[in-house]
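What follows draws every value from the coordinates through simple rules; no lab data is involved. Note that the structure is predicted; figures quoted are calculated from it, not measured. Quick reminder, even Gly has a Cβ in these numbers, built from the backbone with ideal geometry, and neighbours come from all protein chains shown.
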Amino acid sequence: MKEYSESEIRSVFEELKKLEKEHFIRREDLFKAIKEFYSILHKEIGYIKEQFLNLERTMLEIKRELDSRIDRIEEKLAELERGETIEFKVLPREEAVKLIEDYIEKHPGCLTSEIIEALQLDPSLVVDILRELEEKGEVESREPE
């Protein structure tokens, strides 16, 4: 077995202390990085949760709107099954345009189906007139809310 001098032992000991200190510093840096990562992850999870809740609210609003539309369709079908007929007014196109413009002015944000129902105009006529008004920039179509 080789014998080591005191200076060799001291040198090895100092090297070990240096390595231990570097290891400790790297470990501390690793802990800091992990802590920062968890903090960022926590914020991102909160953001994703908020977005999910917003999406859920939007989906519920859409479901309510669709349920309402389905109810209206079912009511109309029931009327048809009872033998009730839907009669549309026969008007000159210019008069229909004026009625539609007046209705939209009094009911901003109204749906095409509401215009048809309220004014009792032929659906294809109403759709044609609305497209024409939209092309002129007088009305704007949008998805129902």
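Positive end of the dipole of the chain (Cβ unit charges, origin at the Cα centre): among L41, F24, S68, the Cα lying farthest that way belongs to F24.
Phi-derived couplings, Karplus 6.51 cos²θ - 1.76 cosθ + 1.60 at θ = phi - 60°, listed residue by residue for the range 12-19: 5, 4, 5, 5, 5, 4, 5, 4 Hz, with x used for Gly and Pro. Residues whose amide H comes within less than 5 Å of that of D122, counting only those at least five positions distant or on another chain, are K89 (H built at 1.01 Å from N in the peptide plane). Computed from label points 7 Å out along Cα-Cβ, the spacing between S11 and C110 is 9.8 nm.
Ordered by the count of other Cβ atoms within 10 Å of each Cβ, fewest first, E65, E74 give E74, E65. Label sites at E28 and Y4, each approximated as a point 7 angstrom past Cα along Cα to Cβ, lie 2.7 nm apart. Which of [x] 1.90; [y] 1.04; [z] 1.64 is the computed Rg/Rh (Cα atoms, Kirkwood Rh) for the structure on display? It is the value labelled [z].
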